[in-house]
Ligand SMILES: [Zn+2]
């Protein structure tokens, strides 16, 4: 092992390049992700200067630094110019081909397997928003340092630091801090340290979702509903959607019980048509075993009387019951 070549791998977006200023192209009130504009604005990123120092240290020890990024090669020229502009030293740049739409983690793992099969990866620097790749590194026993999002406003280039935060979960994440006047670093450091890292937060959320879905599955079984069909992920998601829908249906049935006598008296024909429509719609939903159907119809399935009424009437209309 001793004479084996070592390398360091570093990502770009959210790692070496601070992208906060262009995130609004993806997350905005419109709800539209303008990937083209997000990409095009990469030339204005602030560099993560303290991280560049670390990379330079590695290079000074003779360890090549390879930049490996899911950023599209469509902006290769801008990226090269940006690296020149900030005098960032590196020994290789791998960008995702412009027509490659597979997940970035898959692309990165493939590049490492194909281009660097016999080297030792000393460390990978990755953004704490690209957790799939971070998980992959953990599986491969490759040391991975997560970079959190910039904790300053990114405007002051004079005040910067890369803070090492040890989170309550025990994981260490590096955060670029580009400070400003009304921003106290000790407070932010303490705040971050008291919480879990992103990796653990996401794992916690997934665990909660799995529990919720398992509870929903048990309740569906108790209710006599058939098992759902689809991928594990689809079924888990659809179980909670279906549970909500039947919660709402229960409320509708209870409401119908309460108003039945009066409705029967006022307009018996209409009431009977409606009862039949509701019954057949419920039957249809009880027999709906396609997980994807539930996911596709999840909008508006609120566990409330109104939610149940609008669900049943839309099914009845769709099927032509009334
Ligand atoms: Zn953690």
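Things to note:
- Burial order of peptide ranges 305-314, 199-208, 10-19 (average beta-carbon count within 10 Å, highest first): 10-19, 305-314, 199-208
- Placing a label point 7 Å from the Cα of residue 185 along the Cα-to-Cβ direction, the residues of the range 53-76 whose backbone N falls under 16 Å of that point are 53-54.
- Cα long-axis angle, helix 232-266 against the chain (0 to 90 degrees, to the nearest 10): 30 degrees
- The mean of 1/r over all pairs of different alpha-carbon atoms in the range 1-48, once inverted, gives a Kirkwood hydrodynamic radius of 12.6 Å.
- Between helix 185-194 and the chain: long-axis angle, C-alpha atoms, 0 to 90°, nearest 10: 50 degrees
- Where only DSSP H runs of four or more residues are counted, the chain gives -16000 deg cm²/dmol as its mean residue ellipticity at 222 nm, each run worth -39500 (n - 2.57).
- Mean separation of Cα contacts under 8 Å (6+ apart) over length of the range 223-318, as relative contact order %: 50 percent
- Förster radius 25 Å - calculated FRET efficiency between residue 287 and residue 253 (Cβ-Cβ, nearest 0.05): 0.90
- Kirkwood-type radius of the range 60-129, with distances r between different C-alpha atoms, in Å: 13.3 Å
- Each 5 Å bin from zero up to the one holding the largest Cα-Cα distance in the range 189-322 carries the following percent of pairs: 2, 10, 16, 19, 16, 10, 8, 7, 5, 3, 2, 1, 1, 0.
- Distance between modelled label sites at residue 204 and residue 222, nm, 7 Å Cα→Cβ extension: 2.8 nm
- Eigen-decomposition of the gyration tensor built on the alpha-carbon atoms of the chain gives equivalent ellipsoid semi-axes of 53, 22, 20 angstrom, largest listed first.
- Ranked by how many other Cβ atoms sit within 10 Å of their own Cβ, fewest first, the residues 240, 69, 129, 138 fall in the order 138, 129, 240, 69.
- Once the chain from residue 138 to residue 57 is taken as fully extended at 0.36 nm per residue, the excess over their C-alpha distance is 26.8 nm.
- Simple spin-label estimate for residue 26 and residue 215 in nanometres, 7 Å along Cα-Cβ: 3.2 nm
- Taking the longest Cα principal axis of the chain as reference, the axis of helix 104-115 is set at about 40 degrees.
- Antiparallel content of DSSP bridges confined to the range 6-149, in %, to 5: 10 percent
- Looking at the chain alone, DSSP beta bridges between its own residues are antiparallel in about 30 percent of cases.
Bear in mind that the values in this text are calculations on the coordinates, not laboratory data. Computed from a prediction, not measured in an experiment: that's the story for all the values here. Don't worry about glycine lacking a Cβ; one is built from the backbone with ideal geometry, like all the others, and counts go over all protein chains shown.
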